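Have a look at the structure below, then the notes.
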Amino acid sequence: MIDRSLVDKLDGEKIIDKRYLFWWQLGFEGRRIFTEDEFSAGLTTVKWHVFINRRGDKDEKEFRLWTRNDVPILVRDVNIDGLNVPCFISVKPASHWPRLDISGRDEFGFPPSSYETPHIRGIAVETTGKHFFWYSFRFGEIEPNYDTPSGYVKSANMPLLASPVKTSKFYRNLVEGLRRRGKRAQQRPVELDYKRNGFTIVPYFEFDPAKMHITFYPANLSPNSLDTPIIVASQYGGKPRIIGAGYPHLLECYEGTDLCRRESFRYWHLNNREQRMAKEQLDRHLGLNLCY
């Protein structure tokens with residue numbers, strides 16, 4: 001499923017950052033791949049009186065909402081600026097927090113957000129038995145810290161979200177979700193300036209043990225938590241190794257008048273049981289013979 005030439009093209013145009021993949025864990029919150037018919041059948045049309053100008057005038061508009069509790073994943077090819085892109089389409093259920101009142105009696109006249117109607121969330125990369133991997137649209141070097149920019153794709157008749165989740169926050173939340181499950185001797189993460197050590201971060205499908213590569217891949221380390229991003233590094237003269245559970249640390253700062261990004265990653269050591277579990281899963285999914 002992975003179209004590497006498309007990934008390279010989008011990365012070169014800074015539409016995505018191919019180093020950092022996102023994933024949705026299939027089964028969590030009912031997440032699964034839907035067919036076009038299933039997706040269409042799950043949408044409910046509601047009418048909403050919304051503001052149409054600054055004078056406060058309202059008009060009745062129709063919106064397509066997801067009133068079921070499961071979270072759909074739809075993959076559809078979309079023409080974006082002449083390029084055929086396999087897009088990840090989804091919609092936030094109206095029942096999820098904060099709950100959306102679909103009675104149509106919205107006295108403030110504000111429509112549902114882009115998240116609550118069908119939207120293009122990213123670029124579909126690969127579906128495995130357990131995960132759906134995707135890239136977020138970036139449209140530039142720097143991720144927004146607060147708002148999620150959006151545009152409208154006429155060919156798909158729906159909005160497109162750029163950076164709906166911040167890269168470091170996505171990885172960090174999964175790692176800290178594991179740490180909160182119990183006491184750990186390591187109170188602070190280790191920080192590694194990977195560039196200074198000669199490494200390059202690559203997506204898992206480009207990882208080469210013979211090169212100075214680092215990649216992230218999810219593994220389940222606890223039955224009570226979502227899968228955790230595991231950091232794998234190549235090692236000259238030996239097997240690639242598991243470093244720990246971690247996340248990219250992307251610091252945006254100013255050097256004089258220029259906004260720049262300093263990158264490293266932070267990680268937590270795994271105990272013996274976690275190391276064995278991570279090795280077994282990553283060896284199977286990535287075809288590696290890891291050490292730790």
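The values are calculated or read from the model by the stated rules, or taken from the named source; none is laboratory data. Every value quoted in this text rests on a predicted model; they were computed, and no experiment measured them. No Cβ is skipped: glycine too gets one built from the backbone with ideal geometry, and neighbour counts run over all protein chains shown. These area figures cover heavy atoms from the full protein model, side chains too; ligands, DNA and RNA do not enter into them. Shrake-Rupley method; radii C 1.70, N 1.55, O 1.52, S 1.80 Å.
Odds and ends about this structure:
- Screening segment 57-76 for residues that are under 14 Å from P111 (Cα atoms) and touching a residue at least 40 places away in the same chain (Cβ under 8 Å) and picking the one that is farthest from the chain's Cα centre (by Cα) gives K58.
- For segment 172-205, the candidate set comprises residues that are modelled with pLDDT under 85 and in contact with a Ser or Thr (Cβ under 8 Å, 6 or more places away or on another chain); within that set, the residue that is farthest from R241 (Cα to Cα) is R181.
- Restricting attention to segment 223-257 and to residues that are at positive phi and open to solvent by 30 Å² or more (accessible area, probe 1.4 Å), the residue that is modelled with the lowest pLDDT turns out to be G237.
- Residues that are of a type outside the set (G, A, S), modelled with pLDDT under 90, under 22 Å from H131 (Cβ atoms) and not in a strand (DSSP E or B) do not occur anywhere in segment 215-222.
- Residue ranges of strands (runs of 3 or more DSSP E) in segment 1-97 with at least 2 members open to solvent by 60 Å² or more (accessible area, probe 1.4 Å): 43-51, 58-66, 72-80
- Selection count, segment 107-135, where residues are in contact (Cβ under 8 Å) with a residue 60 or more places away in the chain and within 19 Å of R64 (Cα to Cα): 5
- Candidates G122, G151, G140, filtered to the one that is at pLDDT below 90 and not in a loop (DSSP other than H, G, I, E, B): G151
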